[in-house]
Amino acid sequence: MPNPGLTPLASPPGSEESSCHVSMSLPSASQSRLKYVSLGVLVLQTTSLVLTMRYSRTLLGEGPRYLASSAVVSAELLKILTCLLLVFYDHSFSVRALNRVLNEEILNKPMETLKLAIPSGIYTLQNNLLYVALSNLDAATYQVTYQLKILTTALFSVSMLGKRLGLYQWLSLLILMTGIALVQWPTESLGGPSSKPLSAGSQLVGVIAVLIACFSSGFAGVYFEKILKETKQSVWVRNIQLGLFGLVFGLIGVFVYDGERVRESGVFQGYNSLTWTVVALQALGGLVIAAVIKYADNILKGFATSLSIILSTLISYFWLKDFDPTSVFFLGAMLVIAATFLYGYEGKRPAINHSKV
């Protein structure tokens, strides 16, 4: 999710688009140290959400599996509570001030609040699609393919915000598309020797879910950035508005698509510590990123994305055992990593929000 005071990042599902952003200022020495701490934090957050979400959707256990639609609602609720606490803290823990802000900025400005319904609905759809994608794709393929959101965000930024891309950025987008095409190149081997092979149909479902999520991410992120630039409202308040709409849309999704299962076993069926970890990472991950991203330059962000892809590939192969790498996949992944670095090469160009894990 864009913030005028922060350098944007291509982040994982549900973190970027609906996260709460903060801006900090520290002495230059501290910034220098935090620059490298940022690398570890960004890699950890980007990788952990994808892997835990994938693992939670494929783990075989007793009882029913948790509902993805329910997890999305839980994440939205946790995000709202977190942003409320941030606004509360920002106003010196004054209940009166908090109540005044909520009334003035949300209840007394219904048209401004309604503008957030569009991106919020898209974000809710996107978050549900990411569960579908990771239920049908291994983490490595998902991670690489999801970088297509760089392309969609760039195109929407050019068309909706009038931003201009440099030669290296256009070249990087071409390399990006080539790399993702290679990653999706059909192969004979779809699973490791000890894994259950994924069917071509399930892989197609996963790829379609990722592609739709990439387009929705690009449009909603740029739309939200445009709204932020047109108003001076607090980003935390904006996120509360987004979360409220997301909560409503999410609850509609729960009862429309999983109503029968909810009536049988409840909204929180199948929840365990791993499920709550996924919910927390999805809701709070963007906040963690926002606290450090100010100190990360384009090269560092490229390293974070690249290391996340590499880690996801290694863990998918050695731990989850749901991925059998091929030479074509590695070629495509290397092209995607190269495109990520090349896209951030022209640092003086207007920054484009890639999120928005």
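Observations on the model:
- In the stretch 316-341, residue farthest from GLN147 (Cα to Cα) [restricted to those that are crowded, with 19+ Cβ neighbours inside 10 Å and aliphatic (A, V, I, L, M)]: LEU320
- Of all residues making up the stretch 252-273, the number that are buried (at least 16 other Cβ atoms within 10 Å of the Cβ) and among the aliphatic types (A, V, I, L, M): 3
- Checking each residue in the stretch 200-237 for being among the β-branched types (Val, Ile, Thr) and assigned to a helix (DSSP H, G or I) picks out VAL205, VAL207, ILE208, VAL210, ILE212, VAL222, ILE227, VAL235, VAL237.
- Among all positions in the stretch 48-56, there is at least one residue which is over 23 Å from LEU148 (Cα atoms), open to solvent by less than 40 Å² (accessible area, probe 1.4 Å), at pLDDT 80 or above and in a helix (DSSP H, G or I).
- Selection of the stretch 178-220 for residues being open to solvent by 40 Å² or more (accessible area, probe 1.4 Å), modelled with pLDDT of 90 or more and within 25 Å of ILE122 (Cβ to Cβ) yields VAL205, ILE208, LEU211, ILE212, PHE215, PHE219.
- Restricting attention to the stretch 59-111, the residues that are part of a loop (DSSP other than H, G, I, E, B) and more than 30 Å from SER265 (Cβ to Cβ) total 6.
- Looking only at the stretch 83-138, and only at residues there that are aromatic (Phe, Trp, Tyr) and open to solvent by less than 20 Å² (accessible area, probe 1.4 Å), the one that is modelled with the lowest pLDDT: TYR123
- Out of PHE245, PHE255, sole residue that is touching a helix residue (DSSP H, G or I) at 6+ places or on another chain (Cβ under 6 Å) and in a helix (DSSP H, G or I): PHE245
The values are calculated or read from the model by the stated rules, or taken from the named source; none is laboratory data. The shown structure was predicted, so the numbers you read here are calculated from the model rather than taken from an experiment. So basically every Cβ, Gly included, is an ideal-geometry build from the backbone, and we count neighbours across all protein chains shown. We work out accessible area using only protein heavy atoms, side chains counted, and drop any ligands, DNA or RNA first. Shrake-Rupley method; radii C 1.70, N 1.55, O 1.52, S 1.80 Å.
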